[in-house]
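I have placed the structure first, in the form of structure tokens, so that the comments after it can refer back to it.
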Amino acid sequence: QKEVEQDPGPLSVPEGAIVSLNCTYSNSAFQYFMWYRQYSRKGPELLMYTYSSGNKEDGRFTAQVDKSSKYISLFIRDSQPSDSATYLCAMTGASGGSYIPTFGRGTSLIVHP
Amino acid sequence: NAGVTQTPKFRVLKTGQSMTLLCAQDMNHEYMYWYRQDPGMGLRLIHYSVGEGTTAKGEVPDGYNVSRLKKQNFLLGLESAAPSQTSVYFCASSWRGASQETQYFGPGTRLLVL
């Protein structure tokens, strides 16, 4: 079992829908949780960053962390065709002093007009 | 600032050939990373560096070597390319460990090994 599990999709939704993207993990040492967005044929770029449990909101995007369930989510409100991309979760912790992140496999999101 | 740049953008190799991928960053970042990305596999860390003159193995280091002779450059070498190394290679950099700072990724190098 991989340390970080993420459904690859694709997830196809109509424009305006609320999108929920999720990752589960097994390493309880993870404390820092990130979501990256990757457009086709481009490098990933950081979208959201959260420390420990709780919610963080940025415009149409909300990142949620539930450490008790080892589950993180990214919600996208009022989704737009421009949100079509692959979303990768990543997480890291203080295990052995290493902060090298562990990535999920990414979820492909398609928002159709 | 150019951020993170990678050279070349695309390359075709024959089995057994060698090549070097160059990553450069102009953000004075300490940490640099090389990943490969394959369909359904996500990003897998090949090697990384926590500072000039240092390198360390990641999750899939076999068949690759790296060097960090200058702080701004991180080179990934394939001594004898194999078809299994066909992939998209991404370089990234960060100021310190990724928990404190975001990773900045380059645009990628697409490598096809025949």
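The values are calculated or read from the model by the stated rules, or taken from the named source; none is laboratory data. Everything numeric here is computed off the predicted structure, so don't read it as measured data. Glycine gets a Cβ as well: all are built from the backbone with ideal geometry, and neighbour counts include every protein chain shown. The accessibility values were calculated without ligands, DNA or RNA, using every heavy atom of the protein model including side chains. Shrake-Rupley method; radii C 1.70, N 1.55, O 1.52, S 1.80 Å.
Within chain A, antiparallel bridges make up roughly 90 percent of the DSSP beta bridges whose residues both belong there.
Sparsely packed loop sites in region B:1-95 (the chymotrypsin sites (Phe, Trp or Tyr not before Pro) outside DSSP H, G, I, E and B with at most 15 other Cβ atoms within 10 Å) comprise B:W95.
Here each label is just a point 7 Å from Cα along the line to Cβ, and for A:K67 and A:D7 those points are 2.7 nm apart.
For region B:8-114, the solvent-accessible area with a 1.4 angstrom probe is 45 square angstrom per residue. Springs between alpha-carbon pairs under 10 angstrom, Gaussian network model over chain B: which of B:G63, B:G53, B:G40 fluctuates most? Among B:G63, B:G53, B:G40, the largest mean-square fluctuation in the Gaussian network model of chain B belongs to B:G40.
The B-A contact accounts for roughly 1600 square angstrom of buried accessible surface, both chains included, probe 1.4 angstrom. Placing a label point 7 Å from the Cα of B:E59 along the Cα-to-Cβ direction, the residues of region B:1-43 whose backbone N falls under 19 Å from that point are B:32-43.
Close amide-amide hydrogen proximity is noted between A:G106 and A:C89, each under 5 Å apart and 5 or more residues distant or on a separate chain (H modeled in the peptide plane; Pro and chain starts excluded). Share of chain A's accessible area from carbon and sulfur, percent, 1.4 Å? After summing per-atom areas, the C and S share lands at 47 percent. Measuring gaps between exposed loop sites in chain A (GluC sites (Glu not before Pro); DSSP loop; at most 15 other Cβ atoms within 10 Å), the longest gap, sites not included, is A:16-113. Computed over protein heavy atoms with a 1.4 Å probe, the accessible surface of chain A works out to 47 Å² per residue.
Within a straight-line Cα-Cα reach of under 20 Å, B:K71 can be paired with the following aspartates and glutamates, leaving aside sequence neighbours fewer than 8 residues apart in one chain: B:D26, B:E30, B:E52, B:E101.
Could you please state, rounded to a whole Å, how far the C-alpha centre of region A:3-49 is from the C-alpha centre of region B:1-56? Each part reduced to its Cα centre gives a spacing of 22 Å. Each Lys and Arg adds +1 at its Cβ and each Asp and Glu adds -1 at its Cβ; summed about the Cα centre, chain A shows a dipole of about 200 debye. Under a Gaussian network description of chain A, with springs only between Cα atoms under 10 Å, the residue in A:D78, A:D58, A:D66 that fluctuates furthest is A:D58. The loop-placed trypsin sites (Lys or Arg not before Pro) in region A:29-94, going by DSSP, that have at most 11 neighbouring Cβ atoms within 10 Å of their Cβ come out as A:R41.
Highest GNM mean-square fluctuation, chain B, Cα pairs closer than 10 Å: which of B:G77, B:G16, B:G51? Fluctuation is largest for B:G16.
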